[in-house]
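A short write-up of the structure that comes next.
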Amino acid sequence: MKPILEVNALTKSFKTFKAVDNLSFTIQHGEVYGFLGQNGAGKSTTMRMLLGLIFPDSGTISINGYEFNNGRRHLLKSIGAIIERPDMYGYLSGWDNLKIFATLSDSKITKDRLYEVLEIVGLKGREKDKFKAYSQGMKQRLGIAIAMAHNPDLLILDEPTNGLDPQGIAEIRALIVSLSRDHGKTILVSSHLLHEVEQMATSMLIIHKGKKVSDGRLSDLMNPDETLIEVNIRPNNDLAQLLSGSVWGQLTVSQTEEQIVLKMNPKIVPELNRWLVDNRIDVLSISSRHSFEAYFLNITNDTTTANRAI
Amino acid sequence: MIQLLRIELYKIFKRPRTYISFGIVTAITFVIQLAMLSDGNSFVNFALQGVNEQFDIRGNILNGYLITYIILQSLLIHIPLLVALVAGDSLAGEANSGTLRLLLTKPISRLKLVMAKFISSFIYTVLLIMWLAGVALVLSLVLFGKGDMINLKSDAFVMILQDDIMWRYGAAFLFAVLAMTTIAALSILLSAFADNAIGPVISTMGVVVVLTIMSNLELPIFNVIKPYLFTTHIIGWKGFFDDPVPYAAITRSVVVLVLYTVGFLGTTVLYFNKKDIKS
């Protein structure tokens, strides 16, 4: 099966500033593809080029095997998008906005389908309210409803959690995961928030200063030896001394009387646990998390970028 | 295209500020009509003081046709601003509010979007002129009655019999639609260059004011370019109230205005088709 999106050597400059530099990547059907980079890294410019809002200086974009420039209008029918904020007509109702933009995607779209997408994004019952009266979260959800109303294969969502409160962020995140899992959508989602993308994406593209610095499945990107293991214990005054005299001391990132954080491969957690028990340290809990932040900061660090750029 | 046009018209006429223009036209018309009702005879006597010495003019001089002519002379200076308020907002307003990028992620061509914006601005212009015709002409005839119309010019006066007037107003309003469509096309062009709504409106008025001054100043340097300025021709509607009607001059004005409109629109399409949408 052909990839749903194939980008090859995409480049765009604004005067002397190179916003996107020779960027290539591929997205397969059904993926939630995280697009990560610091503010100003070139994410929005790339997404705008994918949608024909900005014209690339060079490079190609193919959707389902068809080159974008040869059939922009036809190919846009298979894409739904929110770019940055979901700005709409404030003086019109949510329903009017949904109908206007959905009709432009597919003139044969039915009323039932519009109600269906309102149901999916949780806005049914609020569609008659004026758009300007919506909360930021409702605006984002209406934006997603518009993006998916014509049932596109690919959703391009640029910073969909921007400006939302923690509850709104969680709702949108759950919605995106559900769109992929329950509705079979392929989703390209950008963010400058590592934690956000980490929780949604199955694959990841990281760019820095317009250049690709990393690309692949999330599990492959992580070095297992960089996993952070967090151990909560009953307060123990001898902990520091015990650790310093053992092999675990070299792996310790931080420690208090009640907690130790180590950077290590999760496969050796049983050995760690055995050592703690043997040394009469009461273990309350052990949990692990990838040090994605460290990974991201490392590969987007200016001094290493040149060597790591692909 | 029809779908896009329907959407554009829906947006224009759902927006409360669209009706401000109709309100302004109505208000100015009422103010002039009220002023003429209370003190119109003094105005007419003052205007005809030189003429009355040589001619004995009788009948309903202060009639609806004359009042409408006075209203048109006053309002057609302001109508470009009202047209620019909608046409200048058409692309720049969408860019400013962020809806342009959402629109252009939909499978519609930029050419069709510009054409839909232009046609909807044209329809708005037609409705505004029709409203002006209705409020000015119909109400003035109701308030002041009919009569022969005196058209006072700087060096002559023209008497038009009342049975010979209505077609002239019809033609004048049609001409006004064309002139204001040229203004709308200019506004849309300036709108394509801008990402905020107020810039194109002010720029349109700036261009109209500067070129109008150049069109009216009797200086040799301007006389060379005057025939090519669209502002020289947007007042061509007055020709329909001359006797005989200067059809050659009116035709020339129509051709110039059509060429300007096509030129503005073509430039808009060429530029907008290649514009990076960064807003």
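Any read-out appearing in this document is the output of simple, stated calculations on the displayed coordinates, not a laboratory observation. All values derive from a computational prediction rather than experimental measurement. Please note: Cβ atoms are built from the backbone with ideal geometry, for glycine as well, and neighbour counts cover all protein chains shown.
Compute a Gaussian network model of chain B, connecting alpha carbons closer than 10 Å, and tell me which residue from B:144, B:173, B:13 fluctuates the most. Greatest mean-square fluctuation among the candidates belongs to B:13.
Need one word for the range B:94-150: rounded, prolate or oblate. Basis is the Cα gyration tensor (sqrt eigenvalues a ≥ b ≥ c); a/c below 1.5 gives rounded, then a/b vs b/c decides. It would help to have the intermediate numbers written out before the result.
Details: a/c = 6.02, a/b = 3.80, b/c = 1.58.
It comes out prolate by the Cα gyration axes.
DSSP beta bridges fully contained in the range A:95-220 are about 55 percent antiparallel. Of all lysines in the structure, the ones whose alpha carbon falls short of 21 Å from that of residue B:278, not counting any fewer than 8 places away in one chain, are A:12, A:15, A:18, A:43, A:139, A:209, A:211, B:106, B:112, B:117.
In whole percent, what relative contact order does the range A:224-289 give with Cα contacts below 8 Å and a gap of six or more residues?
Details: 99 pairs, mean separation 32.9, N = 66.
Value for the range A:224-289: 50 percent.
Rg/Rh for the range A:5-219 stands at 0.96; both radii use Cα atoms, and Rh follows the Kirkwood definition.
Test of understanding: express the Cα radius of gyration of the range A:224-289 as a ratio to 2.2 N^0.38 Å, with N the residue count.
Values: Rg = 10.6 Å, N = 66, 2.2 N^0.38 = 10.8 Å.
So the range A:224-289 has a normalised radius of gyration of 0.98.
Annotation: amide H of residue A:208 within the under-5 Å range of A:213, sequence separation 5 or more or interchain, hydrogens built in the peptide plane.
Cross-link partners of residue A:212 among aspartates and glutamates, defined as those whose alpha carbon lies under 15 angstrom from its own and excluding same-chain residues fewer than eight positions apart: A:6, A:21, A:302.
Converting phi to 3J(HN,Hα) with the Karplus coefficients 6.51, -1.76 and 1.60 and the offset θ = phi - 60°, the range A:196-209 yields 4, 5, 4, 7, 10, 7, 9, 10, 8, 10, 10, 10, 8, 6 Hz in sequence order, with x at every glycine or proline. From the Cα gyration tensor of chain B, with a ≥ b ≥ c the square roots of its eigenvalues, which class applies: rounded if a/c is under 1.5, or else prolate if a/b is larger than b/c, or else oblate? Prolate, since a/c reaches 1.5 and a/b exceeds b/c.
For chain A, what relative contact order do you get, as a whole percent, if you take Cα pairs closer than 8 Å and at least 6 residues apart? Can you show the working numbers first?
Values: 557 pairs, mean separation 60.9, N = 310.
After rounding, I find 20 percent.
Rounded to the nearest 5, what is the percent of antiparallel bridges among the DSSP beta bridges in the range A:5-219? Show your work: numbers first, answer last.
Details: 21 of 39 bridges.
Of those bridges, close to 55 percent are antiparallel.
D by Stokes-Einstein for the protein assembly as shown, Kirkwood Rh over Cα pairs, 20 °C, 1.002 mPa s: 74 µm²/s. Modelled spin labels at residue A:133 and residue B:73, positioned 7 Å past Cα toward Cβ, are 5.0 nm from each other. Listed by chain and number, the aspartates and glutamates whose C-alpha is less than 16 Å from the C-alpha of residue B:238, apart from same-chain residues fewer than 8 away, are B:155, B:164.
For the pair residue B:111 and residue B:142, a Förster radius of 35 Å applied to the C-beta separation gives a FRET efficiency near 0.15, rounded to the nearest 0.05.
Once you have a ≥ b ≥ c as the square roots of the Cα gyration tensor eigenvalues for the range A:35-103, tell me rounded if a/c is under 1.5, and otherwise prolate or oblate according to whether a/b is larger than b/c.
On the way: a/c = 2.75, a/b = 1.37, b/c = 2.01.
Oblate.
Within the protein assembly as shown, DSSP assigns beta bridges of which about 70% are antiparallel (rounded to the nearest 5).
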